[in-house]
Amino acid sequence: MAAGSARKRGAGTGRSRKPAAKPAEPVIHKGLAGVTVDTTSVSKVMPETNSLTYRGYAVQDLAAKCRFEEVAYLILHGELPNRRQYRAFVADERGRRELTRPHLEVIRQFPKSAHPMDTLRTAVSYLGTTETAWGGEPRERDLDRAMNLLAKIPTMIAADYRFRKGQTRRRPRGDLSFSENFFHMCFGKVPPAKVIRAFDTSLILYAEHSFNASTFTARVITSSRSDIYSAVTGAIGSLKGPLHGGANEAVMHNLLEIAAPERAEAWLRERFAAKDLVMGFGHRVYKQGDSRVPTMRAALEDLTAWSGDSRWVEISDVLQGIMIGEKGIHPNLDFPAGPAYYLMGFDIDMYTPIFVMSRITGWAAHILEQNADNSLIRPLSAYGGASQREVKPISRR
Ligand code: COA
């Protein structure tokens with residue numbers, strides 16, 4: 001406004017002969033790297049100390065002392081539950097696990113060749129057709145929807161897994177924990193406690209990680225006052241990519257391709273020569289190591305001892321030694337998580353859907369937070385296309 005009126009004042013006075021200053025070139029923040037977009041109270045990533053807290057609690061401490069359900073409560077409600085709150089939360093989650101018959105029919109119709117992240121994205125989106133929801137509705141309504149998603153997503157993944165294999169589904173069981181029930185629904189049995197513990201650990205570590213790509217996607221969708229189902233559906237699409245959640249699947253494909261520790265170095269040098277990314281390494285925020293890796297690595301070692309299959313940690317050690325030693329690039333959470341899920345018996349294309357089972361808590365907390373203090377997320381772009389030109393009628397083109 002001030003600049004506009006200044007221009008008017010100068011017009012025709014002979015005092016504005018100097019050429020107009022060129023507008024400053026906008027600074028491009030490719031990939032939004034290093035840009036702080038908003039404030040969150042859900043989690044804090046501290047790359048300088050390689051640490052991560054959820055609502056103020058160190059993630060390693062949570063993994064050592066809590067079950068996944070306690071951490072889910074913490075992320076959604078902001079505080080760790082007391083016993084009464086925990087019992088009510090667990091009973092609520094267990095009571096919501098079953099899917100409706102039409103929902104199961106939708107899942108049954110998916111092409112058997114579809115990737116489970118694509119079927120999950122559609123199965124979650126289906127829930128959004130069962131009611132009309134909008135962003136900015138009372139927080140309690142979105143919290144209720146978040147509980148539904150938390151309880152039902154494992155049932156969607158497991159039903160799809162069994163239908164794909166031509167098997168009948170296993171109904172969810174209300175007497176089992178979140179993790180136990182998932183194994184039961186997939187495999188019809190519950191493994192020993194140490195396997196459940198390792199799985200629970202992976203869910204705790206995967207639950208939340210500030211403004212990562214999928215969470216930011218959820219916040220962008222929420223910021224237009226769209227609904228939680230749309231935001232979570234979009235977030236699943238973002239998580240699927242191998243630069244984000246899909247890396248845990250890619251890691252295991254690589255380990256299987258390498259197959260033996262003595263082949264690991266040659267394989268890695270071929271990747272270097274081809275200038276390929278090595279999946280499961282590197283992080284946009286952590287440059288000196290991912291805070292979650294030591295805890296997940298310990299869980300992988302427990303699974304290795306339990307299964308007697310040490311190949312994957314041996315190959316991992318060769319890759320990790322060279323990547324850190326020669327490139328200074330550290331493993332991220334997906335690196336130990338991939339082989340951990342393999343030792344638990346999951347098909348590789350189930351790994352990223354498992355990530356969703358957990359990350360739904362972080363996404364929901366961010367959706368609630370965005371709704372509570374919303375501003376439409378709409379950045380600017382610099383234009384790099386053709387100069388403005390005249391449209392010629394088709395007869396003259
Ligand atoms: N393998 C090989 N080289 C890698 C690498 C990897 N996994 N991760 C980073 N680098 C290289 C980059 O190519 C870049 O090299 P250059 O300087 O010659 O261009 C250099 O290391 C610095 O990269 P950086 O800017 O730190 O990476 P980023 O922030 O743009 O990317 C990721 C972060 C996660 C996208 C990237 O590390 C990656 O693609 N990792 C593999 C996928 C993965 O595991 N994703 C899960 C993340 S939790």
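Please indicate, with yes or no, whether at least one residue in segment 261-279 is touching a residue at least 12 places away in the same chain (Cβ under 8 Å), closer than 26 Å to T53 by Cβ and either polar (S, T, N, Q) or crowded, with 16+ Cβ neighbours inside 10 Å (or both). Checked segment 261-279: no residue is touching a residue at least 12 places away in the same chain (Cβ under 8 Å), closer than 26 Å to T53 by Cβ and either polar (S, T, N, Q) or crowded, with 16+ Cβ neighbours inside 10 Å (or both).
Restricting I360, I354, I329 to those that are of a type outside the set (G, A, S), more than 16 Å from the ligand (Cβ to nearest atom) and closer than 30 Å to V42 by Cα reduces the list to I360.
Each residue in segment 262-277 was checked for being farther than 16 Å from I329 by Cα and away from the ligand (no atom under 11 Å from the Cβ), and 7 of them qualify. One residue alone among I258, I228 is more than 26 Å from M296 (Cα to Cα) and either surrounded by 15 or more Cβ atoms within 10 Å (Cβ to Cβ) or not small (G, A, S) (or both), and that residue is I228. Restricting attention to segment 369-397, the residues that are among the small types (G, A, S) and in contact (Cβ under 8 Å) with a residue 40 or more places away in the chain total 3. Looking only at segment 35-50, residues that are surrounded by fewer than 15 Cβ atoms within 10 Å (Cβ to Cβ) and assigned to a strand (DSSP E or B) come to 2 in all.
Could you list, in sequence order, the residues of segment 301-319 that are among the polar types (S, T, N, Q) and assigned to a helix (DSSP H, G or I)?
T304, S307, S316
Would you check if Y206 is out of contact with any strand residue (DSSP E or B) (no Cβ under 9 Å at 6 or more places or on another chain) and crowded, with 18+ Cβ neighbours inside 10 Å?
When the stated conditions are applied, Y206 passes them.
Would you say T53 is at negative phi, more than 16 Å from the ligand (Cβ to nearest atom) and loosely packed, with under 10 Cβ neighbours inside 10 Å? So T53 fails the test.
I want to confirm something. Restricting to segment 312-341 and keeping residues that are of a type in the set (F, W, Y) and over 20 Å from L120 (Cα atoms), which single residue is surrounded by the most Cβ atoms within 10 Å (Cβ to Cβ)? Among those residues, the one meeting the criterion is F335. Is at least one residue of segment 201-208 under 24 Å from N332 (Cα atoms), modelled with pLDDT of 95 or more and of a type in the set (F, W, Y)? Yes, because at least one residue in segment 201-208 is under 24 Å from N332 (Cα atoms), modelled with pLDDT of 95 or more and of a type in the set (F, W, Y). Taken over segment 107-155, residues that are of a type in the set (A, V, I, L, M), part of a helix (DSSP H, G or I) and surrounded by fewer than 18 Cβ atoms within 10 Å (Cβ to Cβ) amount to 1.
Considering every residue within segment 292-300, establish whether at least one is out of contact with any Pro (no Cβ under 7 Å at 6 or more places or on another chain), within 14 Å of the ligand (Cβ to nearest atom) and not in a helix (DSSP H, G or I). Among the residues of segment 292-300, at least one is out of contact with any Pro (no Cβ under 7 Å at 6 or more places or on another chain), within 14 Å of the ligand (Cβ to nearest atom) and not in a helix (DSSP H, G or I), which makes the answer yes. The condition of being out of contact with any Leu (no Cβ under 7 Å at 6 or more places or on another chain) and in a helix (DSSP H, G or I) holds for only one of R271, R284, that being R271. Can you confirm whether P191 is in a loop (DSSP other than H, G, I, E, B), in contact with a His (Cβ under 9 Å, 6 or more places away or on another chain) and buried (at least 17 other Cβ atoms within 10 Å of the Cβ)? Considered against the rule, which asks whether it is in a loop (DSSP other than H, G, I, E, B), in contact with a His (Cβ under 9 Å, 6 or more places away or on another chain) and buried (at least 17 other Cβ atoms within 10 Å of the Cβ), P191 comes out as no.
Taken across segment 320-338, residues that are within 28 Å of Y161 (Cα to Cα), polar (S, T, N, Q) and part of a helix (DSSP H, G or I) do not occur at all. Taking segment 156-188 as the range and being buried (at least 22 other Cβ atoms within 10 Å of the Cβ), closer than 19 Å to A72 by Cα and among the small types (G, A, S) as the test, only S179 passes.
Scan A64, A91, A20 and give me the residue that is within 18 Å of L143 (Cα to Cα), exposed (fewer than 15 other Cβ atoms within 10 Å of the Cβ) and over 19 Å from the mean Cα position of the chain (by Cα).
A91
Of the listed requirements (1) β-branched (V, I, T); (2) surrounded by fewer than 16 Cβ atoms within 10 Å (Cβ to Cβ); (3) within 16 Å of the ligand (Cβ to nearest atom), I348 misses just one: (2). Has segment 288-307 got any residue that is buried (at least 16 other Cβ atoms within 10 Å of the Cβ) and of a type in the set (D, E)? So far as segment 288-307 goes, yes, one or more of its residues are buried (at least 16 other Cβ atoms within 10 Å of the Cβ) and of a type in the set (D, E). Being closer than 22 Å to G241 by Cβ, among the β-branched types (V, I, T), within 22 Å of the chain's Cα centre (by Cα) and part of a helix (DSSP H, G or I) is a condition met by at least one residue of segment 341-353. In segment 236-252, the residues that are in a helix (DSSP H, G or I) reach residues that are polar (S, T, N, Q) and near the ligand (Cβ under 7 Å from one of its atoms) with C-beta atoms within less than 9 angstrom, at least six apart or across chains, in these pairs: A247/N332.
The values are calculated or read from the model by the stated rules, or taken from the named source; none is laboratory data. Just so it is clear, the model here is predicted, and its values are computed rather than measured. As a convention, Cβ positions derive from the backbone with ideal geometry for all residues, glycine included, and neighbour counts pool all protein chains shown.
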